[in-house]
Structure formats: C-alpha cells, structure tokens
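Novice: What follows is a structure written as structure tokens; I'll ask about it next.
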Amino acid sequence: MLKLKVKKLDRESFRPYGDYVELLRPDSFYGDVPTMFTPDMLQLPLAQHDLASFSICRVAPRPNIVTASEYHSAAWEGNIPLDGDIVVHVAPANRGQIEPEKFEAFLVPKGTMVTFKPGVWHFAPYAVNGPVSTIVVLPERTYANDCVVVRHTEEQKLEIEM
C-alpha cells in the first residue's frame, strides 16, 4: 500500500490545489477595539461569476448599546463565530429607515453560522464572554460597494439585554 506523508501546509506547496488563509491570525485589521475587521482574506469561486470572500471581524466586549446598523442591497452575508458566542441584532429589510421597534437580538453559539438576507439590518456582533473572531462571508468588496451604514439617533439607540 502506498503511504502519504503529511506535509506542513505552505502556500507554495499547496498552490497547485487551491489557497488557504489563517483566519485566526490576520496580518492586519481596520478599526480598533472593540470591533476590528480584516476584509477579503480568501475568495472562493462558487460558479461562473460568483465569488465568496472570507473576512474576519474581531469583536471585544463593549456596551450592549446598538448605535449603528448596516444593510447590503444585493448581497447575502454569513457570520460564523469561531471561538465564542455572539449576539446579533437584526431588523427586516425596508427602505433604509431605522425602525427601532422592529429590531430583534439573537444569541449565536460559537460554531453556528447565521446568514442575513439582502436588505436586512445588522452590524458587527456583540461578544458575550471575551473577544470573539467571527468569519464574515460576503461577495468580494461588498463592504466597499454595497454597504449602507446608518448611525442611530439617540431616540433610535437600543439596549441589548443578555
């Protein structure tokens, strides 16, 4: 029987087969504690023209006050907390108006993937117990070309009760 010796994963050796990225050790971040984002760390062609891009959002504990929300007009988004539980806040798609009474918050256990439909309000998750790295799956460069961020007014801010 032929034996396969396990090799250390390195870019040059693996290139003929695909690509990889160390999601928990990004080279750099945008932003600062409590929410840091590393966009487009790895892409995955899904079909002829569709490309999924994998980013990391690192969130540290912060006050459970929703002060901003975003939506993507055309793109779905996926989130997977890797090393801790998170809370996400969401509201149904509408015409870009913050309607505080329509928001809900959900606990997402580590290792559980959630997706957001196009137009659904959301933002960086809230860490439950210590810093959490979350994989964010979006079409490449969505954060730059299909992301509407709205800051909540004082009257629109929401407190998340754990």
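Novice: Name the residues whose placed amide hydrogens come within less than 5 Å of the amide hydrogen of L42, ignoring near sequence neighbours (fewer than 5 apart) on the same chain.
Specialist: F54
Novice: Roughly how many Å is it from the Cα centre of segment 88-125 to that of segment 1-40, as a whole number?
Specialist: If we compute the Cα centre of each part, the gap is 29 Å.
Novice: Separate question: At most 11 other Cβ atoms within 10 Å plus a DSSP loop assignment makes a site exposed; report the longest stretch of the chain without any exposed trypsin sites (Lys or Arg not before Pro).
Specialist: Working: sites that count: K3, K5, K7, K8, R95.
It works out to 9-94.
Novice: Exactly which GluC sites (Glu not before Pro) in segment 84-162 are in a DSSP loop and have at most 11 other Cβ atoms within 10 Å? Intermediate results must be reported in sequence, preceding the final value.
Specialist: On the way: sites: E101, E104, E140, E154, E155, E159, E161; in loops: E140, E161.
When the GluC sites (Glu not before Pro) of segment 84-162 are filtered for loop state and at most 11 Cβ neighbours within 10 Å, E161 remain.
Novice: Continuing with the same structure: Are there chymotrypsin sites (Phe, Trp or Tyr not before Pro) in segment 2-40 that DSSP marks as loop and that have at most 16 other Cβ atoms within 10 Å, and which are they? Display every interim value, and only then the final one.
Specialist: On the way: sites: F14, Y17, Y20, F29, Y30, F37; in loops: Y17, Y20, F29.
Answer in residue order: Y17, Y20, F29.
Novice: Which whole-number percent of Cα pairs in the chain have a distance greater than 23 Å? Mind dumping the intermediate values first?
Specialist: Numbers: 5553 of 13041 pairs.
Every Cα pair in the chain considered, those over 23 Å come to 43 percent.
Novice: With the dipole of segment 44-95 worked out from charges on the C-beta (+1 for Lys and Arg, -1 for Asp and Glu) around the Cα centre, which of P92, A75, S53 lies farthest toward the positive end?
Specialist: Towards the positive end, the residue furthest out is P92.
Novice: Nearest 0.05, what FRET efficiency do N129 and E99 give at R0 = 41 Å with Cβ-Cβ as r?
Specialist: Values: r = 30 Å, r/R0 = 0.74.
Computed FRET efficiency for N129 and E99 comes out at 0.85.
Novice: Sticking with this structure for a sec: Through the Karplus equation 6.51 cos²θ - 1.76 cosθ + 1.60, θ set to phi - 60°, convert the phi angles of segment 145-153 into ³J(HN,Hα) values in whole Hz; use x for Gly and Pro.
Specialist: Computed from phi, the couplings for segment 145-153 are 10, 8, 9, 9, 9, 10, 7, 6, 6 Hz.
No value in this document is a laboratory result; all are computed from the given coordinates. All values derive from a computational prediction rather than experimental measurement. Ideal geometry is used to build each Cβ from the backbone, glycine not excepted, and the neighbour counts take in all protein chains shown.
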